[in-house]
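Trainee: For reference, the structure I am asking about is given below.
The values are calculated or read from the model by the stated rules, or taken from the named source; none is laboratory data. All of these numbers come straight from a predicted model, not from anything done at the bench. Neighbour counts are summed over all protein chains in view; Cβ atoms, including those assigned to glycine, are modelled from backbone coordinates with ideal geometry. All accessible areas refer to the heavy atoms of the entire protein, side chains included, with ligands and DNA or RNA removed. Shrake-Rupley method; radii C 1.70, N 1.55, O 1.52, S 1.80 Å.
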Amino acid sequence: MPVIYLFCLPVYNVAPYIKDAINSILAQKLEKFNYEIICVDDASTDNSLQVLEEFQKIKAATFVSILMS
């Protein structure tokens, strides 16, 4: 059975940094599709969620966003 890695990123007003954090994960030597990135947004007041949405369009990755209030 292949090893599956799970990365959970807390997101709260981190728009300037979230791309670097995700790119760091994607740069690891992991087999494609053996990992999942979960971003949990706690009702950011900046454009963190929009950055994640744009990132998902550009990169071949799947992100799960859970909006908290």
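Trainee: Taking the options Leu26, Leu9, name whichever one is at pLDDT below 85, hydrophobic (A, V, I, L, M, F, W, C) and surrounded by 12 or more Cβ atoms within 10 Å (Cβ to Cβ).
Mentor: The match here is Leu26.
Trainee: Yes or no: Ile4 of a type in the set (Val, Ile, Thr) and either open to solvent by 90 Å² or more (accessible area, probe 1.4 Å) or modelled with pLDDT of 85 or more (or both)? Before you say what the answer is, go through the steps one by one.
Mentor: On the way: of a type in the set (Val, Ile, Thr): yes; either open to solvent by 90 Å² or more (accessible area, probe 1.4 Å) or modelled with pLDDT of 85 or more (or both): yes.
It is true that Ile4 is of a type in the set (Val, Ile, Thr) and either open to solvent by 90 Å² or more (accessible area, probe 1.4 Å) or modelled with pLDDT of 85 or more (or both).
Trainee: Six or more apart or on different chains, Cβ atoms under 8 Å: show the pairs whose first residue is in region 37-56 and open to solvent by less than 50 Å² (accessible area, probe 1.4 Å) and whose second is assigned to a helix (DSSP H, G or I) and polar (S, T, N, Q).
Mentor: Final answer for the pair search is Asp41/Ser48.
Trainee: May I ask you to list the residues in region 46-69 that are within 15 Å of Pro10 (Cβ to Cβ), modelled with pLDDT of 80 or more and either touching a Pro at 6+ places or on another chain (Cβ under 7 Å) or part of a loop (DSSP other than H, G, I, E, B) (or both)?
Mentor: Across region 46-69, the qualifying residue is only Asp46.
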